[in-house]
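What follows is calculated from the coordinates using simple rules that are stated; it is not laboratory data. Since the model is a prediction, treat every value here as computed from it, not as a measurement. All Cβ positions, even for glycine, are placed from backbone atoms using ideal geometry, and neighbour counts span all protein chains on display.
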Amino acid sequence: MTKKIEAIFREEKLIAVKEALSEIGIIGMNVMEVRGHGRQGGIELAGRIGTYKVDLLPRVQLNIILSDHNVEKTIEIIQQAAQTGDIGDGIIFVYPVEEVIRIRTGERGREALAYEGDIDVRRLETDLVNAVGISD
């Protein structure tokens, strides 16, 4: 089975999140600039003319499609890299994905998600090394 992770977090955390995901082999992703608010309902700012409320704050939405067995590790990495400890750090959603089809090749499922050096390729290489007992 395949899942979609949709993470919405602070713009200034995007580079840290991308680098952390790259380190574990998450290669394919989509990033969009979005605006919104969560529980806090926005922020109140003070200016020369008084205070005013900004209720749609700029955020980044990151979408990743991956195999079930990679979901928890990916969530953990996103949460660690995006967290500041302040209100408004963001939220992560996980959705089931029925099918994945690569337009150019027509590949489906796992083959459509595969990238050279991605998290699954690294996992297979590690499993092979452990099974055969090869070491560097």
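So, in region 9-31, how many residues would count as being free of Cβ contacts under 8 Å to residues at least 40 places away in the same chain, closer than 23 Å to G85 by Cα and aliphatic (A, V, I, L, M)? So the count comes out to 2. Figure legend. Inter-residue proximity from region 64-77: first residues touching a residue at least 12 places away in the same chain (Cβ under 8 Å) and under 14 Å from L113 (Cα atoms), second residues among the hydrophobic types (A, V, I, L, M, F, W, C) and part of a helix (DSSP H, G or I), beta-carbon distance below 8 Å, spacing 6+ or different chains. Indicated pairs: I64/L21; I65/L113; L66/L113; L66/I119; S67/L113; N70/I119.
Reported count of residues in region 113-122, each being in contact with a Ser or Thr (Cβ under 8 Å, 6 or more places away or on another chain) and free of Cβ contacts under 8 Å to residues at least 60 places away in the same chain, is 0.
Within region 20-36, the set of residues being within 14 Å of I64 (Cα to Cα), outside any loop (DSSP other than H, G, I, E, B) and not aliphatic (A, V, I, L, M) comprises S22, N30.
Consider Q80 carefully, then state whether it is closer than 30 Å to A112 by Cα and not acidic (D, E). Spelling it out, Q80 is indeed closer than 30 Å to A112 by Cα and not acidic (D, E). Return a yes/no flag: does region 16-29 have any residue that is touching a strand residue (DSSP E or B) at 6+ places or on another chain (Cβ under 9 Å), surrounded by 18 or more Cβ atoms within 10 Å (Cβ to Cβ) and more than 15 Å from G90 (Cα to Cα). Yes.
A Cβ distance below 7 Å, combined with a sequence gap of six or more or placement on separate chains, defines the contacts here; from region 83-110, residues that are of a type in the set (D, E) reach residues that are surrounded by fewer than 14 Cβ atoms within 10 Å (Cβ to Cβ) and in a strand (DSSP E or B) in the pairs E99/R108.
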